[in-house]
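S.K.: So that we are looking at the same thing, I have put the structure below in structure tokens.
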Amino acid sequence: MNLLEKLDAAAAARKSLLPNGVGAFGIPIEEVYSATEARIGDRRVLLLGTNNYLGLTFAPECIRAAHEAIDKEGTGTTGSRMANGSYFGHRALEREFADFYQCSSGIVFTTGYQANLGTISGLVGPGDTVLIDGDSHASIYDGCVLSGADIIRFKHNDMVDMEKRLRRLGDRVETTLIIAEGIYSMLGDQAPLAEIVKLKNAYNCILLLDEAHSLGVLGETGQGLVEKTGLLKEVDFITGTFSKSLCSIGGFCVSNHPQLEQLRYISHPYIFTASPSPATIASTRAALVLLSKGSDLRKQLWSNCTQLYSQLEETGYLLGPDPGPVIAAILDTPQQALQLWQSLLEHNIYVNLILPPAAPEGKSLVRCSVNAAHTTEQIKYVGDTFSKLYNMI
Amino acid sequence: MTESNYDEIMQLLCDRLSGLTNTDAQITPETNMISQLSIDSIKLLNLIMEIEDTFDVSIPINALTDIHTVRELADLVHKIKSAS
């Protein structure tokens, strides 16, 4: 089989899962009306397949900041920070993220994916070990592969399993990086951070926590799981993304370890890529202010999450273990998930379809992402529609 | 690690792979796990965790890059177990 035939085989496998030309992946969105509504084809749909957790995509403060940045600094930086220099905004945002997490330093990356790639591959290398949760995001897996370190998985959120694997490492724990996530993207559940910290300290490892889905969502000021659990000072490195609660694109890493700064000189995903555009940085800075002061937004978000999670649970859907902005209905077969996904779209509701092997344990998921801008009526309509379709699957 | 241990590893792999696939095809040391058994990446990673627990070893998943056949996987497990 040549290179192109291999791609044909992969395409055939994908088509076998999605009959009749259903475009569940990368669906064309023709117009975006608001943080909660868009047009797909000729349908005005409710958006529950985005990660716009605080509903800030149209926040006037962010739009104004982006406009001003374009007017002052142009549309792009046209190159890397190493070669083309760091704009005031890049440096200011790094300081603001460090302050937000009460850390000594921070680094901004061009995407959230690169934040994990760049941080992990900068921290560990061949001969070192990364111990990662089995449900880790692809950016974590890819960062580990790029690093050349030995990759050991533990069962998702299973601390007995994690300790067993730490123990087996013996002296190698000294050069082991543990990686977990604040909220896991597939089932929306949270890492048992207190237990992870306990093991990290017992075995004297370094801990990296990815707050991609928990930033803006958990904690009084929205720092994430570190704030909710009061364990901010126990986590060595925190990464996250701008593309969810902050409604732009980019990523960051903050730490109190001064060695973080060294990543600027060794981390290829930081060095060999164009830096974030002025508009991106400006809107992110404005969004970070709104996020940190957004306790009302979080209150509304959690009210919406609880409302939808409760209704789906009462209907009988099998859900992830923790209520939260990621609410996944777990289905036995891809066919069931596809049927539910299509029917929801026919009822003008857009959600995410996730099929094996992307979904855990060979299951399929129909995943909703709730946001603070959804109205009570919109959430009720989504819940009622899920209930109506329950017997169909 | 003795030859009988190697046989034990091979037998365990064949048994577990048989349970993971819906095929009646005979699983031999030369069976290609990906192309012949269509084992997806997550199932393979979960199998590795089970092998780690059975033999009390750490098997880095990046070591699987060049592993295609059951024999190659058995060789890897045997090598790691022998060194532990």
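Every number in this text was worked out from the coordinates using simple rules, so none of it is lab data. Computed from a predicted model, the values in this text were never measured in an experiment. FYI the Cβ positions are ideal-geometry reconstructions off the backbone, even for glycines, and counts take in every protein chain you see.
S.K.: Given the condition of a type in the set (Ser, Thr, Tyr), within 14 Å of chain A (Cβ to nearest Cβ) and on the phi < 0 side of the Ramachandran plot, answer yes or no: does some residue in the range B:67-77 qualify? Before you say what the answer is, go through the steps one by one.
M.R.: Looking only at the range B:67-77, we keep the residues that are of a type in the set (Ser, Thr, Tyr), and these are B:69.
Next cut, within 14 Å of chain A (Cβ to nearest Cβ) only: none.
No: the range B:67-77 contains no residue that is of a type in the set (Ser, Thr, Tyr), within 14 Å of chain A (Cβ to nearest Cβ) and on the phi < 0 side of the Ramachandran plot.
S.K.: Can you work out which of the residues in the range A:148-168 that are touching a strand residue (DSSP E or B) at 6+ places or on another chain (Cβ under 6 Å) and in a helix (DSSP H, G or I) is farthest from the other protein chains (Cβ to nearest Cβ)?
M.R.: Going through the qualifying residues, I end up with A:MET162.
S.K.: While we're looking at this one, here's another question. Which of the numbered conditions does B:GLU30 fail, given that it passes all the others? Conditions: (1) more than 29 Å from A:ASP133 (Cβ to Cβ); (2) among the acidic types (Asp, Glu); (3) part of a helix (DSSP H, G or I).
M.R.: (3)
S.K.: Is it the case that the range B:37-52 has a residue that's among the small types (Gly, Ala, Ser), outside any helix (DSSP H, G or I) and facing chain A (nearest Cβ under 10 Å)? Reasoning before the result, please.
M.R.: Kept after step one, since they are among the small types (Gly, Ala, Ser), are these residues of the range B:37-52: B:38, B:41.
Those still in the list that are outside any helix (DSSP H, G or I) too: B:38.
Cutting the leftovers down to facing chain A (nearest Cβ under 10 Å) gives us B:38.
So far as the range B:37-52 goes, yes, one or more of its residues are among the small types (Gly, Ala, Ser), outside any helix (DSSP H, G or I) and facing chain A (nearest Cβ under 10 Å).
Conditions tested, residue by residue: (1) under 22 Å from A:ARG165 (Cα atoms); (2) in contact (Cβ under 8 Å) with a residue 24 or more places away in the chain; (3) crowded, with 17+ Cβ neighbours inside 10 Å.
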residue: B:ILE42; (1), (2), (3): yes, no, yes
residue: B:LEU47; (1), (2), (3): yes, yes, yes
residue: B:GLU72; (1), (2), (3): no, no, no
residue: B:SER82; (1), (2), (3): yes, yes, no
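S.K.: Restricted to the range A:234-264, and to residues that are in contact (Cβ under 8 Å) with a residue 12 or more places away in the chain and part of a helix (DSSP H, G or I), which residue is nearest to A:GLU181 (Cα to Cα)? Steps first, please.
M.R.: Filtering the range A:234-264 for residues in contact (Cβ under 8 Å) with a residue 12 or more places away in the chain gives A:234-258, A:260-264.
Retained after the next criterion (residues that are part of a helix (DSSP H, G or I)): A:234, A:258, A:260-264.
Values: A:GLU234: 14, A:PRO258: 23, A:LEU260: 19, A:GLU261: 23, A:GLN262: 24, A:LEU263: 21, A:ARG264: 23 Å.
The extreme case among them is A:GLU234.
S.K.: Within the range A:132-167, which residues are closer than 16 Å to A:LEU193 by Cα and under 19 Å from the mean Cα position of the chain (by Cα)?
M.R.: A:ILE132, A:ASP133, A:GLY134, A:ASP135, A:SER136, A:HIS156, A:ASN157 - these are the residues of the range A:132-167 that are closer than 16 Å to A:LEU193 by Cα and under 19 Å from the mean Cα position of the chain (by Cα).
S.K.: Between A:ALA287, A:ALA328, which is touching a residue at least 40 places away in the same chain (Cβ under 8 Å), of a type outside the set (D, E, K, R), part of a strand (DSSP E or B) and surrounded by 24 or more Cβ atoms within 10 Å (Cβ to Cβ)? Break it down stepwise before answering.
M.R.: On the way: A:ALA287 fails: part of a strand (DSSP E or B).
Criteria check complete, one pass: A:ALA328.
S.K.: Could you tell me which numbered condition B:ILE9 fails, if it satisfies all but one of (1) assigned to a loop (DSSP other than H, G, I, E, B); (2) under 26 Å from A:ARG172 (Cα atoms); (3) more than 10 Å from chain A (Cβ to nearest Cβ)?
M.R.: All conditions pass for B:ILE9, except number (1).
S.K.: Scan the range A:347-393 for residues that are among the small types (Gly, Ala, Ser) and either away from chain B (no Cβ under 14 Å) or buried (at least 24 other Cβ atoms within 10 Å of the Cβ) (or both) and report the count.
M.R.: Narrowing the range A:347-393 to residues among the small types (Gly, Ala, Ser): A:358-359, A:362, A:364, A:369, A:372-373, A:383, A:387.
Filter again for either away from chain B (no Cβ under 14 Å) or buried (at least 24 other Cβ atoms within 10 Å of the Cβ) (or both), leaving A:364, A:369, A:372-373, A:383, A:387.
So the answer is 6.
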